[in-house]
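First the structure, in the form of structure tokens, and then the observations on it.
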Amino acid sequence: MTFSIAPASSMEVVDHSSENWEGRVISTPINKKNYLQFNLKDLHTEEKWRVTAFHESIHEVEIDIGSICTFTATKEPVQQARNPGSFDFAEFLQYKGFSGSLHADAQSIYCRDTKGLYAINQFRGSVIESLNNTYSPSTASWVMTLVLGEDKGMDDSIVQLFQRWNLSHLLAISGLHVGLCIAFFTLLSIRTGLLTKETIRWMLIVLLPLYSIIAGGAPSVVRAVWMAEVILLMTWFHKRWPVTDIISFLVVIFLLIDPFLAFQLGFQFSFLVTFSLLLSKKLLQNISSFRTLLHVSIISQLTLIPIQVHHFYILNPVSIVANIFLVPIFSFILLPYCILLVMVYWLPFPITSLLDQFFTILNTILMRCVQILDQFLYVEWVIGEISLEVGVAYYVLFVAFMYFWQQQMYVKTLVASTMMVVVLMAHSLVPYLSPVGRVTMLDVGQGDTIIMEWPYRKHVLMIDAAGKTINDNGELFTYAIKPYLHSRGIGKVDTLLLTHKDRDHMGSAEQVQNQFNVETLLLNPFYQLDNTPEKINVRHVQKGDTFIIEGTSFMVLHPTYEAGEKNENSIVLSTKLGGKSWLFTGDIGKEMELEIMHQYPELTADVLKVAHHGSRFSTSSLFLEELNPSVAWISVGEKNAYGHPAKEVIDLLVKEEVHIMRTDQQGAVFYEFKEETGTFYQYLP
């Protein structure tokens, strides 16, 4: 497969010497606008590495799964999660058995296919090219995703929609896809009379491993293929083993080959669901097809809830019902139709065009139904990160639920299912019963986001919502702010205060407003809004104003007048919470600090949020002497281009014996309190 590598807009410089590498590509390469990424197994050490190549010029690379590649690369430090709830890339690589990450020189990459794989990859490439030439882009993208595991053309909005409704498994080739392919091949061969059953069996034994490669070699496909292979071989030798024994055997074999599979969600999901269905076979016997689908969907969904919530913190309860109706439609209408389109793409244009148009109509109706469902019935239940104890309690009740259901003890079944819901509800209600509050400064790089949680979750206030740049595309919100809020079980931000109109302070404000039901938006008088939902109460505050949240008084010390520089218009807040006095300064400079000091000569603060990320143009010695803080919080990006925090600011803080907490070194920092006492924490060790 050829990737045209486009110029990169930015590229991280790595201060390590380059090394020569040679290895086998063990994943389907990912091609984005400015980088190429694939997984590699070193031919000499057998170690696995994640390889990323950023590009500055057009360069064509022939690369596919199974290719042998040589290149020069440097080892990159792997970034661990810097905020609670965020994706931990270091842990991800560790659980997948990777030794680390490599930054490759794009111009140095040379790949060759092994003889056996070359023919398979060429065949796969020719099929993909033919599908693109035969069908419309939308139809081709669906066919390639569902049958060949090639999802590059799939619209991101569709992927996100399916994620919201727990339907992502329908877009990934799995045992269902493999089973339907087997059924199609068998039915076609028998109906045409071309092959005997024995010949079909042997052809499947040979062809299925080839299909797993053609389908991109995804772990779910490999697992499904091997399961089918074992069953086919057993029928050939007239052996009868319980399917549970076969699956247990395969689990052991897979884990012996790669012990790190035990930590992978796909592995956990597929085998957990399979075991649950097999152990529930009494419920699936002697019932109609519709009831079978109904039972399978319910059991599958209930099996995975604790794992899903543990990793993603939310649950869409309506998705359980939606899956009951949508999974059969995809499984027995859309997917078989896509398989058919692959089998007949060689037919004359009028026929393929007619088939394409019919698929477009069918798919449009189906997608519109899902979009309407999403618009009117999407319910996001934010549960938060669940503990091991909650997971164990849920599964104990789930086993009881399944037992009572199979024994037709319906009253006890209802009680057990109700208790499963109660366990999740009780966990989601814990913050509302806790007397502990928290103030958090998230690590959002070169920006500000501070979240204040009152005891008993009476109120959540967010001060600023950072976004990197105009080209950020909401990444900070998606990968830092949103996961943190969800991990804390926060589904609503009662008040959002934006100190001033800079993207590093308000770049994620729109997403927060739209997704976290903001009730009140506080702005400085010179902050003009582009658009705000009507349901939000917008209030402008300036010097002299006071607002009260759950008995906590916030005094606005600035701004008084419109300054020429946006930073100088920042809202400055003074408050007392958890037995500490706090001063939040936005991005004001020394001149405004001195003005505030003269106007409020008695002002002090136990905790100072250092202005403008520790810039040398803020935080004067006179200001520190008057405030007399004991703790300074600095929100600053790691290795930022501005040299923040400035050495002179750090020296001043050290001289004044102020304890410094900074996000570039410690990740997110917290203050947890109960009544008038509390403790400071940092996320990174």
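Quick notes
- Computed from Cα atoms, the angle from the helix 265-279 axis to the main principal axis of the chain rounds to 50 degrees.
- Here P(r) over Cα pairs in 20 Å bins from 0, in percent was calculated from the structure, and among (1) 14, 34, 32, 18, 2; (2) 15, 43, 33, 9, 1; (3) 13, 36, 37, 13, 1, 0 it sits at label (2).
- Annotation: cysteines of the chain without a disulfide-compatible partner (Cβ-Cβ under 4.7 angstrom) are CYS181, CYS338, CYS369.
- Nonlocal amide H pairs with GLN446, under 5 Å, H built at 1.01 Å: GLY637
- Per residue of the chain, the DSSP helices (runs of n ≥ 4 H) give a summed -39500 (n - 2.57) that works out to -13500 deg cm²/dmol at 222 nm.
- Given charges at Cβ of Lys, Arg, Asp, Glu: the chain dipole, positive-most of PRO601, ILE548, VAL221: VAL221
- Filter on LYS75/LYS590; LYS75/LYS609; LYS41/LYS281; LYS482/LYS639; LYS501/LYS609 - keep pairs with C-alpha separation over 30 Å: LYS75/LYS590; LYS75/LYS609; LYS41/LYS281
- FRET efficiency, PHE325 to ASN517 (Cβ-Cβ, R0 35 Å, nearest 0.05): 0.80
- When you filter the GluC sites (Glu not before Pro) in the stretch 466-543 for DSSP loop state and at most 10 other Cβ atoms inside 10 Å of their Cβ, you are left with GLU534.
- Within the same chain, aspartates and glutamates fewer than 8 places from LYS48 are excluded, and of the rest, those with a Cα less than 15 Å from its Cα are GLU22, GLU76, GLU91, ASP258.
- Shape class for the stretch 389-433, computed from the alpha carbon gyration tensor (a ≥ b ≥ c): oblate, with a/c not under 1.5 and a/b at or below b/c.
- Where chymotrypsin sites (Phe, Trp or Tyr not before Pro) fall in DSSP loop in the stretch 343-395, at most 13 other Cβ within 10 Å: TRP346
- To the nearest ten degrees, helix 243-257 and the longest principal axis of the Cα atoms of the chain are 60 degrees apart.
- Relative contact order of the stretch 22-159, defined on C-alpha pairs under 8 angstrom at six or more residues apart (%): 21 percent
- In nm, spacing of pseudo-spin labels at ARG191 and TYR479 (7 Å Cα→C-beta vector): 4.8 nm
- Rounded if a/c under 1.5, otherwise prolate or oblate - the stretch 436-678, Cα gyration tensor axes: rounded
- Label separation (LEU414 vs VAL430): 3.1 nm, computed from points 7 Å beyond Cα along the C-beta direction.
- Sequence-distant residues sharing a close amide H with ILE386 (under 5 Å, placed H): HIS310
- FRET efficiency for the pair GLN37 and LEU354, taken as 1/(1 + (r/R0)^6) with r the Cβ-Cβ distance and R0 = 30 Å, rounds to 0.15.
- Maximal additional length on extending the TYR403-SER630 stretch stands at 75.8 nm, based on 0.36 nm per residue less the C-alpha distance.
- PHE275-VAL344 pseudo-label distance in nm [points 7 Å out on the Cα-to-Cβ vector]: 4.3 nm
- Tensor-based shape of the stretch 70-179 (alpha-carbon gyration tensor, a/c under 1.5 rounded, otherwise prolate or oblate): oblate
- Hydrodynamic radius of the stretch 315-457 per Kirkwood, over alpha carbon pairs, in Å: 20.3 Å
- Bridge type composition, the chain - antiparallel percent by DSSP, nearest 5: 70 percent
- Here r is the Cβ-Cβ distance between ILE372 and PHE92 and R0 is 30 Å; the resulting FRET efficiency, rounded to 0.05, is 0.30.
- Short-range pairs are left out: with C-alpha atoms under 8 Å and at least six residues apart, the relative contact order of the chain is 9 percent.
- Relative contact order, percent, the stretch 306-387 [alpha-carbon distance under 8 Å, six or more residues apart]: 70 percent
- For LEU102, the residues whose modelled amide H falls within less than 5 Å of its own, excluding neighbours fewer than 5 places apart on the same chain, are ARG50, VAL51, THR52, GLU76.
- The gain in end-to-end length when the GLN268 to GLN163 segment is fully stretched comes to 36.0 nm, 0.36 nm per residue minus the alpha carbon separation.
- Rounded tilt (10° steps) of 349-377 against the dominant C-alpha axis of the chain: 40 degrees
- Segment ASP651-TYR681, extension gain: residue separation times 0.36 nm, minus the distance between their alpha carbons: 8.5 nm
- Table column - 3J(HN,Hα) (Hz), the stretch 226-232, Karplus curve with 6.51, -1.76, 1.60, x for Gly and Pro: 5, 5, 5, 4, 4, 5, 5
Only the coordinates and a few stated rules stand behind these numbers; no lab work does. Owing to the predicted nature of the structure, the values given are computational and were not obtained by experimental measurement. Please note: Cβ atoms are built from the backbone with ideal geometry, for glycine as well, and neighbour counts cover all protein chains shown.
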